[in-house]
Every structure is written in structure tokens, then in C-alpha cells.
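Novice: Can you read through this structure? Questions will come right after.
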Amino acid sequence: MKSIKLSQGTGRTGVQLSTQLIGSDLIVCIFNKKGHIGAVAVADYDFKEKRASTSIITRLGHKDDHVAYNAAYKLCRRLRKPVCVIAGIHVDNISKEEIAQITRNCDALLEKGIESICNY
């Protein structure tokens, strides 16, 4: 699989996704124009139990854990392979409406990412 680069939304609520394979394992970055490492989630697929297990590390003061965890879990369940997601989205003076829009954009971006990865 070649690396994939996708985006969803515009302006302050726009987000991007990029992928990279390391062997057969997948690394995914979800970020915006002020991207950073806010949270890292790693998911692994248990073939015996037919489930994904996800662990997360969040940097002090960052709130990117939901985005990282959700993406790692969904990708791992769908692809049945190890996945690492690095998420870092920063918006100065963010409003509740912008948080909601970023969440929607991340969800849509993840679905586009799953579709693109599965179609390779």
C-alpha cells in the first residue's frame, strides 16, 4: 500500500489524515495546520477472540485521546492488523461548535481512510 493523504473540512475545523506502512503494520496521523503529538493509540487484533485491544497515551493537557483511540480501534477491527494512530489537533480559543465540527470531520475522515485503505 502506498501512503494515503486525505483531508476533511476547511478552515479552523479542517483535519488531515496520512498513513505509512512499517512492514505490514499501519501508522496513521490525524492532524490539522497546528498539528502535534497529542495522543498515541496502539491497537492489536486478537484472532482467537476476534477483537481489537487498544491502549492510549495522552500528553499532559492534550485532549486528542478520543480521536486517536477511536481511529486505532476502528482501523484495527476492520484491517485485523496492528495500528498506531498519532493524533494532534490544535485550535486557539476553540468553541464548542468547532469541537463538534472537528469531531464530525474526524469521523468522516476516518471512514474515508478505511475505504481508501481497504480499496488498495
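Novice: For the chain, what is the per residue volume of the convex hull drawn over the alpha-carbon atoms, in cubic angstrom? Before the final figure, lay out each step's value.
Specialist: On the way: hull volume 11.7 nm³, N = 120.
Normalising the Cα hull of the chain by residue number yields 98 Å³.
Novice: I want the antiparallel fraction of DSSP beta bridges within region 5-118, as a percent rounded to 5.
Specialist: Counting only bridges with both partners in region 5-118, antiparallel ones make up about 80 percent.
Novice: Still on this structure: How much length is gained on full extension from Glu111 to Ser53, taking 0.36 nm per residue of separation minus their Cα-Cα distance?
Specialist: 18.9 nm
Novice: Give the Rg/Rh ratio for region 10-77, taking Rg as the radius of gyration of the Cα atoms and Rh as the Kirkwood radius, to two decimals.
Specialist: 1.01
Novice: Using the beta-carbon distance between Cys118 and Ile37 and R0 = 25 Å, what value does 1/(1 + (r/R0)^6) give for FRET efficiency, to the nearest 0.05?
Specialist: 0.40
Novice: Counting helices only, and only those DSSP H runs with n ≥ 4, report the 222 nm mean residue ellipticity of the chain as the sum of -39,500 (n - 2.57) divided by its residues, in deg cm²/dmol to the nearest 500.
Specialist: Rounded to the nearest 500, the figure is -11000 deg cm²/dmol.
Novice: Taking the Cα centre of the chain as origin, sum charge times position over the Cβ atoms of Lys and Arg (+1) and Asp and Glu (-1), and report the length of that vector in debye to the nearest 20.
Specialist: The calculated dipole for the chain is roughly 200 debye.
Novice: If the reach is capped at under 23 angstrom between alpha carbons, list the lysines near Lys48, excluding any in the same chain fewer than eight residues apart.
Specialist: Filter leaves Lys74, Lys81.
Novice: Here's another thing I want to ask about it. Let me have the relative contact order for region 5-118, percent, based on Cα pairs under 8 Å that are six or more residues apart.
Specialist: On the way: 236 pairs, mean separation 36.9, N = 114.
Relative contact order for region 5-118 comes out at 32 percent.
Novice: Let me ask something else about it. Residues in region 1-22 near a label at Ser95, defined as backbone nitrogen under 13 Å from the 7 Å Cα→Cβ point?
Specialist: 12-13
Novice: Hey, another quick one. Would you list which lysines come within 20 Å of Lys34, measuring only between C-alpha atoms, while excluding same-chain residues fewer than 8 positions from it?
Specialist: Filter leaves Lys5, Lys63, Lys96.
Novice: Let me ask something additional. Would you list, by chain and number, the aspartates and glutamates whose Cα falls below 16 Å from the Cα of Lys33, excluding same-chain residues fewer than 8 positions away?
Specialist: Candidates past the 8-residue exclusion: Asp64, Asp92, Glu98.
Novice: Can I ask one more? Using a Förster radius of 25 Å, what is the FRET efficiency between Arg12 and Leu60 based on their Cβ-Cβ separation? Nearest 0.05, please.
Specialist: Details: r = 24 Å, r/R0 = 0.95.
Working from the Cβ atoms, E equals 0.60.
Novice: As an exercise, use a Förster radius of 30 Å and the Cβ-Cβ distance of Arg104 and Arg78 to find the FRET efficiency, rounded to the nearest 0.05.
Specialist: E(calc), rounded to 0.05, equals 0.90.
Here, each number is a calculation from the coordinates, and none is a lab measurement. The model shown is predicted, which means the values in this text are computed figures rather than measured ones. Counting neighbours? That spans all protein chains shown, and the Cβs are built from the backbone with ideal geometry, glycine included.
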